[in-house]
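To start, the structure itself, in structure tokens.
The values are calculated or read from the model by the stated rules, or taken from the named source; none is laboratory data. Bear in mind the structure is a predicted one, so any value in this text is a computation, not a measurement. Quick reminder, even Gly has a Cβ in these numbers, built from the backbone with ideal geometry, and neighbours come from all protein chains shown. SASA here: full protein model, heavy atoms, side chains in, ligands and nucleic acids out. Shrake-Rupley method; radii C 1.70, N 1.55, O 1.52, S 1.80 Å.
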Amino acid sequence: ALRDCLSSFLLQLKTSRMCEFEEQVKEFSAKLALVPIPPPGPLHVVFNLRPFQIELPSRLDVDRPVMDLDLHLPFLCFKPEQILEIISSILMEQRVVFLSTDWAKLTLVAECFMIFIHPLRWQHPFVPVLSRQMLDFIMAPTAFLMGCHTSHFEEVAEELDDLVLIDIDKGTVLSSSSNRLELPDVPLTAKDCFIFQAKGLQLHYDLDVCRAGSHTDINELRAHRRQWQRKVNTVILNITLELTVNIFSEVCDFLNYEHRVFNSEEFLRSRETTDHEFYKKVLDTHIFHSFLRDRLNQKNDAFTLNINGLFHLIFFFFFLPIKTFKLPEFPPPLAYQYVQSYYNDLIKELSKAISTSTPDDSALMARFYYLRGLVNSVAGKRVDALRDFQSLYKTDMDIFPAKLLNVLVKSLPAEERRMAERRPDLKRLITRVNENERERARPIDDGTVKRFELPKKHLHMEDFVRRVQESGIVKDHGTIQRLFEALTVGQQKQVDPETFCFFYNYWKETEGAAQDVDLPAGVLEHLVTDECVYKLSSSVKTSHGVGKIAMTQRRLFLLTEGRPGYVEITKFRDIENVKISSTPFLLLRIPTLKIKTSLRKEMFEANLKSECDLWHLMIKEMWAGRKMADDHKDPQFMEQALTNALLMDAVVGCLQSQKAIFAATKLAYFDKKKLEVPMMVPKTTSETLKHKINPSLDQTPPQAVDVLLYTPGRSAERLIGGNPKLWCALSNGKVLVFDAASWSMQKNSVQNCMLAVNQQQLWIGSKDSFIYIINPWSVSCNKQLTEHRCEVTGLALEERTDKFSQTVAYSCSEDGSVIVWDVSTLQVRRQFRVSCDRLQCIQIHTSMLWCCKSASHTAMNAPFYYIITQNLTTAISQSEQLWAGLADAGELCVWHCRDLNKPFIRIQLKDCAGVVCMIKVKNQIWVGCQGKTRGKIYVVNTDRYTVEKELMAHDDSVQTLCSAEDRYVLSGAARADGKIAIWKVE
């Protein structure tokens, strides 16, 4: 666009006199200053600058620069292999010099490479054009990327030995010290994929249009060329992004987000040996450190979407149809009154565009609001600008101009500020801007990234927990505490650095040895896909022959000697008994491990000698973990038991003393836990329970499951991410999505309620008084409703009378405020207040809105309301009845909706300390409670008012319930348990 503007200006200069030059430059600059820059997204600005109609593009997203470049130019100058060499040089922060006889190519090509490495960002001097007088810049003792004329090649090459010299005209990449570049190649897999895709690019515009007729209009021709260029740019961006993902995607597996640690040694160990040199150089660069900082800050950019399995969204966003907005003609004299008239005309055009936009196209409407706010602010209409920016909350928060708004609020004169504060929405906006400014003024963490290092001093419990979590060995706090007890048996309660080092190295060595176990194909046929050998004994004599005992996460088997073969010993779930005995051998007695299984009459025996005690402990722990995993339908128990067994092995290996086996018993968690009465699973619970999942698996410490919501998928969208999703709001403010991806709220707020309004909107009520609106398909949140002033406690959806009626939603906050929303426009239809101490939730039934309060229950219909005094926590409607639970007692109350004077029914819940949540499924009411010892679920028949089932659900109170198409019920527990249980509905 800038080139087009300058080309237009050159035409004017050709017919002007020299004395008019300065005035024409001022006029040209003033015209360009009247053009508002469009925000990121699918809207470009078009304006006339004769003889051209110029299109000013926007950025694709907030994190990308404006893509007004021909990204295919480097592919015309270099082969794909050379492009990879240049990218590798940039990633390794070499001193790079571009050379060309054409000054324009220097900037264009250098800028293209800056885009190719996105989301990594160049951190050093970037000077794509150096004049002869500036050539001494190349002597800088730091990494840089510069460009100069080819005539300076020899002069530049002689100065330094380690420059990367890139001749754009010849298409060569050399080193100033030799005729070839001696730098490590990018990883082979990423290299081959990039070269294959790059060779398939269609880079020649003339070949694409040779079959088309000639354009008679220059603007039509230019528009066609822009469309072709955008298509090519999109393909190139996808290829370069895939290159970055292929190189760095597994970096995130070695990050500890809580302690901001990157385990570089383990990452390198996981790479192919041939790629080590490349990664060693890249991992020490500023560009990679910045990239790590973005990952630890959980930046939600294209890279994150890709590794979370949402690449289809990137593809979709790149190919969104582009809309254009035509600016009015520039005023002939650029005097004040004419400029103000231009601004007024521009505001009118934007207002017209807003009024003609449909609510379904909120992204486009948001861009119009943004542009109108921008123009209002420069036109001096500050209050109008605030209104426009306030509208972004309901259209697209991603383009909210926080810095501009801060300047705008500070510049408000006293009278205009009073005018703005008379409107509640603008007053709230000003308050938020001031709060955000104070937050920015506070000293914050510099965002440094630490590399994992072994300790150099003694570790007490707290330091030990942190070090183990940083190492990536295990995250669970309880497991680490038991490991601490094991490593400090019989000594002062601190771990010396030598012991920690021995333990860490032994753990990593055994982990590496397990990965190196090469099983014959005949053995692999007996194992399932994800099954691995984690422990291998020495060669021993057994009742099945001589060989090595192998332990996987599922079974024990014998790897026979000679011609390696497979003899199954047992699956862990089939074990009936494990014990140690001794077998006579000459004058000695050899320790022998005996295993009794349900599938064989005879016992398996193995003369494990000195390994016997350790194998006995490990097998018992795995057996107990398998039994508990099956009883509780929770596969995490088995994973944790495997971790415990491997920790036992590492403890015994690093201590190498008589107390080693006793120390390892400290880690036998499940073997001790299986005999405890609270861990026993009643038959009814076991038959109803389908599965358990742990959403806090990567969270330290575990979080409570505050809200669950199931959204069914649409078969037509299954191929592009339209699968059913389970939305899980945790107590730390994060929202996890199963089974698509995980996504975090921008604000660390705590969610109280969720509501699937339609297929495009998922509403989340929060303690910070906002309602966040998520697009279930893209898993993105860019809209907020800010009208509530207190914690949002409830959401409800009014049933549509017919398919043509508008959808209406209700929300309530703890101060008793209830707001009625038009879902399509997100406008407030009505607002009223219920007098109470705390409004808990709302339900719509029989054309009435039922409000559940901490001290009473209110039914509202028009201006009339009825109050029934009870200490209620939640309520749901069923037929002509209203069911409610008591927060401080195990009791349900059932009212007759048509006659509130009729005596209500009481249903007692045995061993229940208080009702927390309820849902209706078929002809049942599922009630989540805080039990006297554990969290319980009661299944109540709505016809007979009797408890049909009493389920021992969780180790803490049941916080939330949701239904999955009336086939399953999902329950979430408080922090001490923190898991989600899936129950069958009968």
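Whether a residue is at pLDDT below 85, farther than 23 Å from Leu882 by Cα and touching a helix residue (DSSP H, G or I) at 6+ places or on another chain (Cβ under 6 Å) was assessed, and Asn775 does not pass this test. For segment 326-363, taking the residues that are free of Cβ contacts under 8 Å to residues at least 24 places away in the same chain and among the hydroxyl-bearing types (Ser, Thr, Tyr), the one that is surrounded by the fewest Cβ atoms within 10 Å (Cβ to Cβ) is identified as Tyr336.
Based on what the data block shows, is Leu519 under 20 Å from Glu639 (Cβ atoms) and assigned to a loop (DSSP other than H, G, I, E, B)?
For Leu519, the condition - under 20 Å from Glu639 (Cβ atoms) and assigned to a loop (DSSP other than H, G, I, E, B) - is not met.
So which residues in segment 868-892 are part of a strand (DSSP E or B) and at pLDDT 65 or above? Of everything in segment 868-892, those that are part of a strand (DSSP E or B) and at pLDDT 65 or above turn out to be Gln881, Leu882, Trp883, Ala884, Gly885, Leu886, Glu891, Leu892.
Tell me, please, whether a residue that is farther than 23 Å from Leu2 by Cα, in contact with a strand residue (DSSP E or B) (Cβ under 9 Å, 6 or more places away or on another chain) and among the charged types (D, E, K, R) can be found in segment 117-125. No: segment 117-125 contains no residue that is farther than 23 Å from Leu2 by Cα, in contact with a strand residue (DSSP E or B) (Cβ under 9 Å, 6 or more places away or on another chain) and among the charged types (D, E, K, R). Considering only residues in segment 141-160 that are aliphatic (A, V, I, L, M) and in contact (Cβ under 8 Å) with a residue 24 or more places away in the chain, the one that is nearest to Ile287 (Cα to Cα) turns out to be Ala143. Candidates are the residues of segment 919-943 that are crowded, with 18+ Cβ neighbours inside 10 Å and of a type in the set (S, T, N, Q); the one that is nearest to Ala973 (Cα to Cα) is Gln930. Just one residue in the set Gln843, Gln827, Gln831 is over 30 Å from Val939 (Cβ atoms), of a type in the set (S, T, N, Q), touching a Ser or Thr at 6+ places or on another chain (Cβ under 8 Å) and modelled with pLDDT of 80 or more; that residue is Gln831. Residue count for segment 521-576, restricted to those that are acidic (Asp, Glu) and open to solvent by less than 50 Å² (accessible area, probe 1.4 Å): 3.
Selection of first residues in segment 894-918 that are closer than 18 Å to Ala974 by Cβ and of a type in the set (Lys, Arg) and of second residues that are open to solvent by 40 Å² or more (accessible area, probe 1.4 Å) and in a loop (DSSP other than H, G, I, E, B), restricted to Cβ pairs under 6 Å at least 6 apart or on distinct chains, gives an empty result. Can you pull out the residues in segment 675-690 that are modelled with pLDDT under 90 and aliphatic (A, V, I, L, M)? Scanning segment 675-690 gives Leu675, Val677, Met679, Met680, Val681. When the residues of segment 510-520 are filtered to those that are among the small types (Gly, Ala, Ser) and open to solvent by less than 40 Å² (accessible area, probe 1.4 Å), which remaining residue is farthest from Met551 (Cα to Cα)? The qualifying residue farthest from Met551 (Cα to Cα) is Gly512.
Taking segment 282-361 as the region of interest, the helices (runs of 4 or more DSSP H) fully inside it that hold 1 or more residues being at pLDDT 90 or above are 286-296, 336-356.
Within segment 213-229, residues that are farther than 16 Å from Pro51 by Cα reach partners that are at pLDDT below 80 and open to solvent by less than 60 Å² (accessible area, probe 1.4 Å) with beta carbons closer than 8 Å, at six or more positions or on different chains, in the pairs His224/Val209; Trp228/Asp208; Trp228/Val209.
Residues of segment 706-761 that are among the β-branched types (Val, Ile, Thr), modelled with pLDDT under 70 and farther than 17 Å from Ser811 by Cβ: Ile720 alone.
Let me confirm something: among Leu243, Leu203, which residue is modelled with pLDDT of 90 or more and either open to solvent by less than 40 Å² (accessible area, probe 1.4 Å) or within 30 Å of Gly512 (Cα to Cα) (or both)?
Numbers: Leu203 fails: modelled with pLDDT of 90 or more.
Just a single option satisfies the conditions, and that option is Leu243.
Being at pLDDT 90 or above and either open to solvent by less than 10 Å² (accessible area, probe 1.4 Å) or touching a helix residue (DSSP H, G or I) at 6+ places or on another chain (Cβ under 7 Å) (or both) is the filter; apply it to segment 577-591 and report the residue that is farthest from Arg626 (Cα to Cα). Ranking the qualifying residues of segment 577-591, first place goes to Ile580.
Quick one: how many residues across segment 140-199 are among the aromatic types (Phe, Trp, Tyr) and under 23 Å from Pro128 (Cβ atoms)? Before you say what the answer is, go through the steps one by one.
Taking segment 140-199 first, the residues among the aromatic types (Phe, Trp, Tyr) are 144, 153, 194, 196.
Retained after the next criterion (residues that are under 23 Å from Pro128 (Cβ atoms)): 144, 153.
Here the count works out to 2.
When Ser249 is tested against (1) of a type outside the set (Val, Ile, Thr); (2) under 29 Å from His72 (Cβ atoms); (3) more than 18 Å from the chain's Cα centre (by Cα), only condition (3) is not met.
How many residues, within segment 246-283, are within 30 Å of Leu69 (Cβ to Cβ) and open to solvent by 50 Å² or more (accessible area, probe 1.4 Å)? It would help to see each step written out before you state the result.
Let us first name the residues in segment 246-283 that are within 30 Å of Leu69 (Cβ to Cβ), namely 246-249, 251-252, 278-279, 281-283.
Restricting the remaining residues to those that are open to solvent by 50 Å² or more (accessible area, probe 1.4 Å) gives 246, 281.
Counting residues in segment 246-283 that are within 30 Å of Leu69 (Cβ to Cβ) and open to solvent by 50 Å² or more (accessible area, probe 1.4 Å) gives 2.
For segment 213-233, taking the residues that are open to solvent by less than 60 Å² (accessible area, probe 1.4 Å) and closer than 19 Å to His72 by Cβ, the one that is farthest from the chain's Cα centre (by Cα) is identified as Arg222.
So that you can scan it fast, the table gives a plain yes or no per residue for (1) at pLDDT 90 or above; (2) open to solvent by less than 50 Å² (accessible area, probe 1.4 Å); (3) under 20 Å from Ala514 (Cβ atoms):
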{"position": "Met638", "(1), (2), (3)": "yes, yes, yes"}
{"position": "Ala641", "(1), (2), (3)": "yes, yes, yes"}
{"position": "Leu647", "(1), (2), (3)": "yes, yes, yes"}
{"position": "Val652", "(1), (2), (3)": "yes, yes, yes"}
{"position": "Gln658", "(1), (2), (3)": "no, no, no"}
{"position": "Ala664", "(1), (2), (3)": "yes, yes, yes"}
{"position": "Tyr669", "(1), (2), (3)": "yes, no, no"}
{"position": "Lys672", "(1), (2), (3)": "no, no, no"}
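Per the listing Glu605, Glu621, the residue uniquely of a type in the set (Asp, Glu) and in contact with a helix residue (DSSP H, G or I) (Cβ under 6 Å, 6 or more places away or on another chain) is Glu621. Annotation note: of Leu56, Leu6, Leu99, the sole residue that is touching a residue at least 12 places away in the same chain (Cβ under 8 Å) and farther than 30 Å from Ala363 by Cα is Leu99. All conditions but one from (1) under 32 Å from the mean Cα position of the chain (by Cα); (2) closer than 22 Å to Gln202 by Cβ apply to Met92; the one that does not is (2).
Residue by residue, here is whether (1) under 30 Å from His152 (Cβ atoms); (2) hydrophobic (A, V, I, L, M, F, W, C) holds:
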| residue | (1), (2) |
| --- | --- |
| Glu182 | yes, no |
| Leu188 | no, yes |
| Cys193 | no, yes |
| Gly200 | no, no |
| Leu207 | no, yes |
| Cys210 | no, yes |
| Ser214 | no, no |
| Asn219 | no, no |
| Arg226 | no, no |
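Just wondering, is there one or more residues in segment 951-962 that are farther than 19 Å from Ala729 by Cα, over 35 Å from the mean Cα position of the chain (by Cα), crowded, with 19+ Cβ neighbours inside 10 Å and of a type outside the set (Phe, Trp, Tyr)? Scanning segment 951-962 turns up no residue that is farther than 19 Å from Ala729 by Cα, over 35 Å from the mean Cα position of the chain (by Cα), crowded, with 19+ Cβ neighbours inside 10 Å and of a type outside the set (Phe, Trp, Tyr). Within segment 937-957, residues that are acidic (Asp, Glu) sit with their Cβ atoms under 6 Å from residues that are open to solvent by 60 Å² or more (accessible area, probe 1.4 Å), at 6+ positions apart or across chains, in these pairs: Asp955/Ala976; Asp956/Ala976. Taking segment 376-389 as the range and being in contact (Cβ under 8 Å) with a residue 24 or more places away in the chain and buried (at least 22 other Cβ atoms within 10 Å of the Cβ) as the test, the residues that pass are Asn376, Leu386, Phe389.
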